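Here is the structure we will look at, set down as structure tokens.
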Amino acid sequence: MDEMELLEKARQLAARDRQVRALGAAGGALCPGAALALFLVLLLSLSGQPAWQGLAPLALLPAGAALKEFLQPLRLVRAAYQADRNLGLQERLGTAVEWLLSERPRSLMAQVLLQDAASQARLVRPRAAFPQRWPGGLRTGLLLAVLAITLAGLPPGRLSWQRPDAEALTAARRQAQELRHLLHDRSLHLQSARLLEFQARLEALERSLESPGVDAREVLERMTALSEELQGSPELASDPGAAQDAAADRQGQIRSARQLREAARALAEDPASEGARSLLERLADAPESSEEVGGVAARALESLRKGDPEGAARALAQGQGEGPGEGREASAGEGPTPPGEGRQALANPGQQVQPGQGTGEADFGRGTTLEHQESAETRSRDFVLERQSQRTADWTEEYRRLHPPRRDHLPSADARVPGRLGEGPTLRDSGQALGRPRVGDPARVQPQEGFHQARESAEAAVAREEIPSTRRDLVRDYFEGIDPRL
Amino acid sequence: MSQPPLTDRVRHFEETFGRLRRELTRVVVGQSDLVEHVLLALVAEGHVLLEGLPGLGKTLLVRTLAQALDLSFSRIQFTPDLMPADISGTTLVEETPEGRRTFRFSPGPVFANLVLADEINRATPKTQSALLEAMQEGSVTIAGERRELPRPFLVMATQNPIEMEGTYPLPEAQVDRFLFKLQVGFPEPEDLVGILDQTTGNQVPRVEAVCDAGTLLEMGRLAREVVAGSAVLGYAARLVLATHPDRPEAPEPIRRYIRYGSSPRGGQALIRAARVRAMVSGRYNVALEDIQAVLRPCLRHRLIRSFEGEAEGLEPDQLLEELLRTVPPEDPAR
């Protein structure tokens, strides 16, 4: 009986010992786990990734250490000896348990020892024999763990070292401003839950722009999508009926353009295609066809009637480039581009509209003039004023940023500014008029004479062209600077 | 005849040991540790080497012990001209009344239960070695005849650590045969007062015999039955191994100042003495503290210091202290 009691007590002691060891091991592993977690959280946060994943070592290391101890088998003899040492039992329990589990003959002294140890074991409480002892680094580990969890709980990008794309951020803010004005304008005419939803989404996007590690380009894309969604919603238009009509007209035009393309393809395959002919007839007569599409169809039909399929194909090929929506993408610079419109400008915020690159008028101080802004019914007065103040604040710096001066690789020393040529004579014309020598040839005119001609020509051009006053001063200053009489 | 229950025997052991201790401490004032260790060695049937300055009561202690034990006692004063036969005895030729001559063995002083070898280091090595067989085997061989010594047979040798001129230091083999080497220290002031008061008057304390040879042998048998667990045996083994400078577990001072460590006989001495100490404490098992308590007297004479150790004047006890500090009681491999 004593032996059974002793063995049972030894098992309890061993179980408690294992538990204490497991908790101690977990506590011991907490400090390195927390340190590693903190390192990973910082790394992930600074790189703009979700930081909570870095907390994994905080749980895995202590759990692994505890599991390793728990997987150890119960060691009765060791636990009994340890209990002896902790309770000052002078190796009674350990020796007795060891004797009990061994195959040694039971001497009289051993039997008395077992009885003595069993009586001692009845008084032993496992918790008293194995008090939980935490490792010294536990407090540090806890502090590190709290720090890691706190850092992981910060909003994403709070600690990001990647600075937002400045241009994209500026474009996104500008886009947000325009969208806000647009929503404000719409809200004057309409109050709907969808509008409120748009406002909420816009506010969320604006808030995200204030985050230090924000991906401004992504926010800009989302704003662009929001803008498109807003403008493509007929129920949110200021005049729903007109918006629906406009949408229907646009759909009809797109359909007409597609049919025009199909007719061209059919004619290319079979110049005597009846299908193409009937399609062109329908397009020429259809009321929903635009004037351009109708005209192209009529011209192509006329050529077919004259037996000239090639002329019809040419007319169709020419007309395909004029279809709305279905043709090439309207590029910025092809006319006055209202703020917030034009996919090209929104999708490429860093790419500024280049004057002279399009086929229309240069957007050099003209695309956003007060005149154009005021003509747009959907723009509010405040927005126009603000926009004007932004765009006309410092033209010199803006122009230099957009068009850094460069020198063309021409056989002359003429400095040329890229852009659309004005109406007056250019420097090249002036050079031809003066009989510009080739490289290495002797000069044909005196410097004084050439200077006067160039100056007069330049001043005439300045007076004639629409050049900002600051630029005029630059031209005058230049010629005064090189005046040989001074 | 059936033996009494074990618990009664253990109680009798404790009582007898306690009475012996009381008798000795009545005469030997202020040397309680010394008395305790002498009694431990007595029960463990181990020989004791007492080292101390003259006049500290070494001889008194052994003589008092002999009186308290009711054992045969003999004293041998070792001198340089002492011969081995003076210790072990000799064979004499005797003539009978009929005129016949016969050989008769005249036993030497070694044939006693308790032998006091006073100033053992003053005899020549030849004479010292005469004690070797007696101490280890409990017998002497004279003229080709092996003679058993009475049991219990205990040698209490004394030696003076000073006045080394004209002495013969005990060889290591002989020193190793002593269970304990006890150092007799100078008494504390209050003990000295007691000694002066007690030994200078007419009334000398009378010692009563409280134990005979049979009781002493029974006590020894009982002590050897005390259970020693593997943790205790392992601890003793690790301690002994750590005294060897070439062992990895040896601490740095041992490596530096010790030339040879303890023999396995040192480990045996540890366990034997620890068993007796456990029994004296009323336990049925040996504890780690028993080992620690008897470590110094068991091992101090078994450590052979290196030249550097001797030059530094480092005492073996200091190294054993270091050993206790550095060798963990629990087995690291368990």
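Under the classification rounded if a/c is under 1.5, otherwise prolate if a/b is larger than b/c and oblate if not, where does segment B:164-312 fall, given a ≥ b ≥ c as square roots of the Cα gyration tensor eigenvalues? Spell out each step's value before the answer.
Values: a/c = 2.14, a/b = 1.23, b/c = 1.74.
Oblate, because a/c is 1.5 or more while a/b does not exceed b/c.
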Check: About its Cα centre, what dipole magnitude does segment A:2-153 give when the only charges are +1 on Lys and Arg Cβ and -1 on Asp and Glu Cβ, stated in debye to the nearest 20?
Finding: 220
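Counting alpha carbon pairs within less than 8 Å and at least 6 residues apart, what relative contact order, in whole percent, applies to segment B:226-334? Each step should come with its number before you reach the end.
Details: 156 pairs, mean separation 37.8, N = 109.
Result for segment B:226-334 is 35 percent.
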Check: Considering only DSSP beta bridges with both partners in segment B:1-156, what is the antiparallel share in %, to the nearest 5?
Finding: 55
Checklist line | Loop-resident sites, segment A:41-148, for GluC sites (Glu not before Pro), counting at most 11 other Cβ within 10 Å (DSSP) | finding: A:103
Next item on the list: Measure out, as a whole number of angstrom, how far apart the alpha-carbon centroids of segment A:198-218 and segment A:1-51 sit.
Entry: 43
Check: Of B:236, B:293, B:280, whose Cα points farthest to the positive end of the dipole of segment B:226-334 (charges on the beta-carbon: +1 Lys, Arg; -1 Asp, Glu; origin at the Cα centre)?
Finding: B:280
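Could you work out the mean count of beta carbons from other protein chains within 10 Å of each residue's beta carbon in A:98-108? Walk me through the numbers before you get to the answer.
Working: counts 6, 4, 0, 0, 2, 0, 1, 0, 0, 5, 7.
Neighbouring Cβ atoms belonging to other protein chains average 2 per residue here.
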Next item on the list: Would you mind telling me which residue in B:279, B:135, B:83 has the biggest mean-square fluctuation in a Gaussian network model of chain B, where springs connect alpha carbons within a distance under 10 angstrom?
Entry: B:83
Next item on the list: Using a cut-off of 14 Å between beta-carbons, work out the net charge of the residues near residue B:106 (Lys and Arg +1, Asp and Glu -1, residue B:106 not included).
Entry: -1
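Taking the Cα centre as origin and putting +1 on Lys and Arg beta-carbons and -1 on Asp and Glu beta-carbons, what dipole magnitude results for chain B, to the nearest 20 debye? It would help to have the intermediate numbers written out before the result.
Numbers: 38 positive and 46 negative charges, 164 e Å.
Once rounded to the nearest 20, the dipole reads 780 debye.
Would you please name the trypsin sites (Lys or Arg not before Pro) within segment A:197-234 that are DSSP coil residues with at most 10 other C-beta atoms within 10 Å of their C-beta?
Numbers: sites: A:201, A:207, A:217, A:222; in loops: none.
Listed in order of number, the matching sites amount to none.
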Notebook entry, point to check: residue A:63 versus residue B:143, label points 7 Å from Cα toward the beta carbon: distance in nm?
Noted result: 9.0
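Are there any GluC sites (Glu not before Pro) in segment B:1-106 that are in a DSSP loop and have at most 16 other Cβ atoms within 10 Å? List them by number.
On the way: sites: B:14, B:15, B:23, B:36, B:45, B:51, B:94, B:95, B:98; in loops: B:45, B:98.
Qualifying residues, ordered by number: B:98.
Give me the net charge of residue B:147's neighbourhood, meaning all other residues with Cβ under 14 Å from the Cβ of residue B:147; Lys, Arg count +1, Asp, Glu -1. It would help to have the intermediate numbers written out before the result.
Numbers: positive: B:104, B:146, B:151; negative: B:133, B:137, B:145, B:148.
Counting the neighbours of residue B:147, the net charge comes to -1.
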Margin query: Along the charge dipole of segment A:2-153, pointing to its positive end and built from +1/-1 on Cβ of Lys, Arg, Asp and Glu, which listed residue (A:137, A:80, A:15) has its Cα farthest out?
Written below: A:137
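Using unit Cβ charges (K, R positive; D, E negative) and no other charged atoms, how large, in debye to the nearest 20, is the dipole of segment B:46-123 about its Cα centre? Before the final figure, lay out the partial values.
Details: 7 positive and 9 negative charges, 15 e Å.
The calculated dipole for segment B:46-123 is roughly 80 debye.
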Note to self: Straight-line reach only, C-alpha to C-alpha below 30 angstrom: list the lysines that residue B:58 could link to, leaving out same-chain residues fewer than 8 apart.
What the structure shows: B:126, B:181
Next item on the list: First obtain the Kirkwood hydrodynamic radius of chain B from its Cα pairs, then insert it into the Stokes-Einstein equation at 37 °C and 0.692 mPa s, and state the resulting D in µm² per second as a whole number.
Entry: 154
Next item on the list: Please build a GNM for chain B, connecting alpha carbons under 10 Å apart, and tell me which residue among B:86, B:33, B:317 fluctuates the most.
Entry: B:33
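Readers should treat all values here as calculations from the given coordinates under stated rules, not as data from a laboratory. The structure displayed is predicted, hence computed values, not measured ones. Every residue, glycine as well, gets a Cβ built from its backbone with ideal geometry; the counts of neighbours run over all protein chains shown.
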